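Below is one structure, written out as structure tokens, with a few remarks after it.
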Amino acid sequence: MEIINIKQSKKNQSILPEEILKIEACINYSIIFLKTGHQLIVAKTLKKYEKDLKNCFFRVNRSTLVNINSICKSSGDQVELHNGQCLTISRRRLHNFNSIVNPNFRKLNQ
């Protein structure tokens, strides 16, 4: 798996995609939520992360990109992450979620 290099206030940090719980948009910045509970603010848009991480992440709504492996369960238009947080999948993205993520999710949990 690829390593993500993040530049934060003059220092570089490398993280693996599986360490990320979700990424949220904040104007032209992104907030990376790590599974450890730490947060990183990066001057990179969510759209760029979506393009770079398209194999293991899914954009559930306008402002959130979720690590597929962090999804504990899904029901209807709701997903629950391993940390207990629930997110709503937008109507536009629900069909893609069900066709792309749900089959993979079922295989992982069998």
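Between ILE100 and GLN85, what is the label-to-label distance in nm when each label sits 7 Å out along the Cα-to-Cβ direction? Taking the simple label geometry, ILE100 and GLN85 are separated by 2.0 nm.
3J(HN,Hα) along the range 45-50: 6, 4, 4, 5, 5, 4 Hz, from the Karplus curve 6.51 cos²θ - 1.76 cosθ + 1.60 with θ = phi - 60°, whole Hz, x for Gly and Pro. Remark on PHE57: its backbone amide H falls under 5 Å from those of ILE68, a criterion applied only to residues 5 or more positions apart or on other chains, H modelled at 1.01 Å from N. Under 16 Å from the Cα of LYS51, which lysines turn up, not counting those fewer than eight places away in the same chain? By straight Cα distance, LYS51 reaches LYS22.
Close amide H pairs (under 5 Å, H built 1.01 Å from N) link LYS44 with SER30, residues at least 5 positions away or on another chain.
With helices as the sole contributors, the chain gives -4500 deg cm²/dmol at 222 nm; each DSSP H run of n ≥ 4 counts as -39500 (n - 2.57), and the sum is divided by every residue.
Each residue of the range 26-38 was assigned a 3J(HN,Hα) from its phi angle through the Karplus expression (A = 6.51, B = -1.76, C = 1.60, θ = phi - 60°), giving 8, 6, 9, 10, 10, 10, 9, 9, 8, 5, 6, x, 6 Hz with x at Gly and Pro. Taking 7 Å steps out from each Cα toward its Cβ at ASN55 and ILE41 produces label points 3.2 nm apart. Its Cα centre serving as origin, the range 1-90 has a Cβ charge dipole (Lys and Arg +1, Asp and Glu -1) of approximately 380 debye. The string of couplings for the range 79-95 from the Karplus curve (6.51, -1.76, 1.60, θ = phi - 60°) is 10, 10, 8, 4, 7, x, 6, 9, 10, 9, 8, 5, 4, 5, 9, 4, 4 Hz, one whole number per residue in order, with x for Gly and Pro.
Computed from the coordinates by the stated procedures, all read-outs in this text should not be read as laboratory data. The model shown is predicted, which means the values in this text are computed figures rather than measured ones. Don't worry about glycine lacking a Cβ; one is built from the backbone with ideal geometry, like all the others, and counts go over all protein chains shown.
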